[in-house]
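Notes for the one structure printed next.
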Amino acid sequence: MKRSRLKLLLACVCLTGIFLFATTALAVTWDMPTPYPDKTFHTQNISQFAQDVDKATNGELKIKIHSAGSLFKHPEIKNAIRGGQVPIGEFFLSLLSNENAVFGADSQPFLATNYADAEKLWAAQKPIVAKLLDGQGLMPLFSVPWPPQGLYTKKAINSVDDLKGIKFRAYNATLEKFTNLVGAAPTQVEVPDIPQAFATGRVEAMITSPSTGANSKAWDFITTYTDIQAWLPKNIVVVNKKAFRKLAPQVQDAVLKAAAAAELRGWDMSKEETTAKTAILADNGVQIVTPSAALMDGLKKVGNEMLVDWEKAAGAEGAELLKAYRQ
Ligand code: PCA
């Protein structure tokens with residue numbers, strides 16, 4: 001009697017030990033860099049994604065977000081995922097346009113200027129993006145647009161001529177080209193550095209969303225927001241395929257499900273941001289201006305020129321994308 005009790009006790013201790021070992025051995029933490037600060041809606045969306053994964057896997061996979069470029073600088077994030085330094089990360093999709101112009105489709109001026117068109121564009125772009133990333137051992141999980149991009153300046157802008165010579169903030173090669181073509185002078189500045197770049201006079205104007213403008217307290221350094229709705233560029237969350245394959249099948253499944261939910265939620269958040277953050281700009285004294293026909297004509301002319309160049313650079317894949325988008 002005594003003996004069998006002891007055996008039972010030993011068996012229990014053993015089983016608990018095995019269970020604890022199994023759960024701790026399986027628990028994995030993924031570091032996830034993003035270039036954008038905590039208060040950005042994209043960062044809030046990926047935080048929710050991390051929480052969803054944690055919950056669905058009972059803590060087996062934890063995702064730790066490193067915001068505002070604190071773990072890797074923005075231009076390094078994609079290669080850090082590719083090289084396996086981190087298993088997952090978020091970055092601005094069109095930064096990859098130097099590899100293939102297809103990655104930059106969403107930053108082409110006036111190609112897709114509202115959410116319905118941005119959705120169509122993503123549907124056309126996604127299979128090609130997935131194929132290109134797959135060739136590098138990467139897999140896209142989800143992609144979310146920024147609100148339509150508008151023009152922030154220190155004075156009213158009534159035509160393209162008014163932009164001549166202005167020191168302009170750029171965030172990718174496409175915007176740099178656009179800025180050059182309108183006669184302004186571009187400088188690359190990451191989001192966390194915007195206030196300082198204006199304060200020190202490195203830049204005097206920018207094109208970005210109401211989100212980034214409001215979060216940067218644009219009213220401290222500009223007076224006018226011209227709502228040109230020029231394009232809706234996207235962030236993308238990408239995973240290293242080797243790291244993904246190491247996860248148990250049910251954990252992989254949880255990641256994919258949380259990613260699908262994050263994409264839907266992110267698009268809704270983005271739409272809400274557009275009105276909410278434009279209102280914040282206005283509340284803080286920024287003039288919200290509907291662009292003049294002359295300004296829009298001039299900007300669209302530049303956009304058309306750029307699209308011709310983009311089509312040349314994007315070749316057969318670009319043609320496939322545009323065909324699918326325009327169908
Ligand atoms: N904010 C980011 C990307 C586009 C946007 O709206 C930025 O300004 O860099």
Residue-averaged [θ]222 nm for the chain, counting only DSSP H segments that reach four residues, each worth -39500 (n - 2.57): -17000 deg cm²/dmol
Gyration tensor (Cα) of segment 169-242, equivalent ellipsoid semi-axes in angstrom: 23, 16, 14
Interchain or long-range residues, amide H under 5 Å from Ala185's placed H: Gly165, Ile166, Lys167, Phe168
Segment 195-274 and segment 137-151: distance between their alpha carbon centers, rounded to Å: 7 Å
Stretchable slack from Gln327 to Gln85, in nm (0.36 nm times residue separation minus alpha-carbon distance): 83.1 nm
Extension gain (nm, one decimal) between Lys217 and Gln44, 0.36 nm per residue minus Cα-Cα: 60.4 nm
Extension gain, Ala276 back to Ala294 (0.36 nm per residue minus Cα-Cα distance, nm): 3.7 nm
Residue-level accessible surface for Lys300, protein heavy atoms, 1.4 Å, Å²: 90 Å²
Among Val255, Thr224, Phe244 the positive-end extreme of the charge dipole of segment 207-262 (Cβ point charges): Phe244
Estimated vicinal HN-Hα couplings, Hz - segment 187-199 in sequence order (Karplus 6.51, -1.76, 1.60; Gly, Pro = x): 9, 6, 9, 6, 3, x, 9, 4, x, 5, 4, 6, 4
R0 of 22 Å, Cβ-Cβ distance Ala173-Lys120: FRET efficiency to nearest 0.05: 0.40
Volume in Å³ per residue [convex hull over Cα atoms, computed for the chain]: 147 Å³
Value of Rg to Rh for segment 115-252 (Rh from inverse mean 1/r over Cα pairs, i.e. Kirkwood): 1.08
Choice from Val239, Val289, Val191 with maximal GNM fluctuation in the chain (Cα, 10 Å cutoff): Val289
Segment 172-257 - accessible surface per residue (Å², probe 1.4 Å): 38 Å²
Radius, Kirkwood style, for segment 186-327 when every pair of distinct Cα atoms is counted (Å): 18.8 Å
Label-to-label distance, nm, for residues given as Ala185 and Leu264 (7 Å Cα→Cβ offset): 5.0 nm
Cα-centred dipole magnitude for segment 99-237, charges only on beta-carbon of K, R (+1) and D, E (-1), debye, nearest 20: 120 debye
With eigenvalues of the C-alpha gyration tensor scaled by 5 and rooted, segment 69-174, Å: 29, 18, 12
Calculated Rg and Dmax of segment 17-137 using C-alpha coordinates, Å: 17.0, 61
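The values are calculated or read from the model by the stated rules, or taken from the named source; none is laboratory data. What you see is a predicted model; the values in this text were computed from it and never measured. When we count neighbours, we look across all protein chains shown, and the Cβ atoms used for this are built from the backbone with ideal geometry, even at glycine. SASA here: full protein model, heavy atoms, side chains in, ligands and nucleic acids out. Shrake-Rupley method; radii C 1.70, N 1.55, O 1.52, S 1.80 Å.
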